[in-house]
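Encoded as structure tokens, the structure appears first; notes follow it.
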Amino acid sequence: MDDETEEVGMGRIAGSAAARLAGFGAASVLVFTAAWTAGGAVGTLSAIPAGDSVAGDERGDDGVLAAGLATGDATTGAGGVLTTAAGYTLTPVGIVLPWREPTEVAFTVTGSDGAPVTRFDTPSDGSGVMDVAVLRRDVAGYMRLRATQGPDGVWRAPVRFPGQGVWRLYAGFTPTGGPHLDLGADLHVPGTYGAFTFPSENRAGLCGGSDQQVRLDGALVPGGESRLFATVGRDGTPVTDLEPVDGGAFGRMTAVRQGDLARFPVRPEITGAAAADRSGPGVAFAVSVPAPGSYRLFLDYRSGGVLRSCEFTLPTAPGS
């Protein structure tokens with residue numbers, strides 16, 4: 001991506017993306033002015049130290065990506081709950097990892113014959129063959145990782161764990177000739193563990209310690225598709241220089257259910273934007289959650305060449 005930031009609004013986006021953005025743009029500006037009264041994120045773990053973000057790149061020095069698009073397994077849509085499904089097993093090479101030190105998560109995906117799987121389908125959205133992330137068991141510190149497979153069939157992803165405790169490893173993939181799966185396994189970072197607590201509902205906050213704020217509107221309705229709208233601002237002014245991330249979307253979001261840590265697909269409604277396109281202040285998403293409960297939502301987007309991350313907490317709609 002070109003490092004030069006273009007300060008243009010939604011009307012400059014070409015083709016079908018512009019048509020779909022137009023309706024949402026008007027609504028997002030209306031909600032923007034009252035967006036920040038709900039307060040900031042509580043108990044956020046800092047995945048990457050300040051200053052490590054790289055303009056035009058989605059990684060810090062740790063190789064850590066912000067929250068991305070999660071996908072469900074082939075049977076229930078609840079990703080990361082099972083370690084084995086459809087004959088495939090996620091197996092970490094090591095489950096005890098250090099705190100605050102550069103390390104790597106290593107794992108294999110084996111088939112029913114016990115041998116590592118080496119052939120995977122490549123998704124069309126450019127998000128990578130393996131959708132790998134970690135999340136602490138108190139639903140804090142979601143980090144999407146960049147994993148590469150070696151000739152031995154082992155996937156490895158650099159990481160630096162910002163907190164001690166038990167972490168859930170997620171791996172979403174489609175083996176060639178097989179179903180799409182999202183498997184999970186536990187990792188352990190030894191030390192004194194104090195769990196974060198989160199408000200029952202948190203819709204607004206600063207993003208990654210930056211000067212930008214995001215407001216999340218919409219309701220989670222279990223058993224059907226829900227629409228969510230993220231509106232980005234800076235000091236009360238709409239931000240209109242949002243840049244495309246993977247697949248030409250202007251933001252990526254992951255939903256995780258508190259309790260069992262199941263993650264669910266959150267689909268951006270605008271995709272296919274060119275690298276030079278800019279949008280804002282709103283990004284629209286669609287998500288389906290199967291049951292009532294409390295969900296943590298992790299958003300990443302790029303503005304001014306910097307990838308920014310936010311965390312939210314939403315309960316499902318009352319009476320739904």
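The values are calculated or read from the model by the stated rules, or taken from the named source; none is laboratory data. These figures come from a predicted structure and were not determined experimentally. So basically every Cβ, Gly included, is an ideal-geometry build from the backbone, and we count neighbours across all protein chains shown. When the accessible area is computed, the model is the full protein with side chains, heavy atoms only, and any ligands, DNA or RNA have been set aside. Shrake-Rupley method; radii C 1.70, N 1.55, O 1.52, S 1.80 Å.
With each label modelled as a point 7 angstrom along the Cα→C-beta vector, the Asp121-Val96 pair spans 4.0 nm. Counting only Cβ charges, +1 for Lys and Arg and -1 for Asp and Glu, the dipole size of the stretch 258-312 around its Cα centre is about 80 debye. For the listed peptides 190-197, 249-256, a ranking on the average number of other beta carbons within 10 Å per residue, highest first, reads 249-256, 190-197. For the stretch 116-193, what % of the accessible area comes from carbon and sulfur atoms, probe 1.4 Å? That share works out to 51 percent. Sorted on the mean count of surrounding Cβ atoms within 10 Å across their residues, most packed first, peptides 258-265, 82-89 read 258-265, 82-89. Here the simple spin-label model places points 7 Å from the Cα toward Cβ, and for Arg227 and Thr192 these points are separated by 4.9 nm. Fully extending the segment from Ser200 to Ala286 would add 28.8 nm, taking 0.36 nm per residue of separation and subtracting the current Cα-Cα distance. Shown here: the stretch 81-189, whose C-alpha atoms stretch 38, 29, 27 Å along the first, second and third principal axes, sorted largest to smallest.
The order of the peptides 298-305, 180-187, 106-113, 284-291 by mean Cβ neighbours within 10 Å, most packed first, is 298-305, 180-187, 284-291, 106-113. Multiplying the residue separation of Ala274 and Val154 by 0.36 nm and removing their Cα-Cα distance gives an extension gain of 39.8 nm. Each other residue within a Cβ distance under 10 Å of Ala204 adds +1 if Lys or Arg and -1 if Asp or Glu, for a net charge of +1. Model label sites at Ala106 and Asp235, defined 7 Å from Cα along the beta-carbon direction, differ in position by 4.9 nm.
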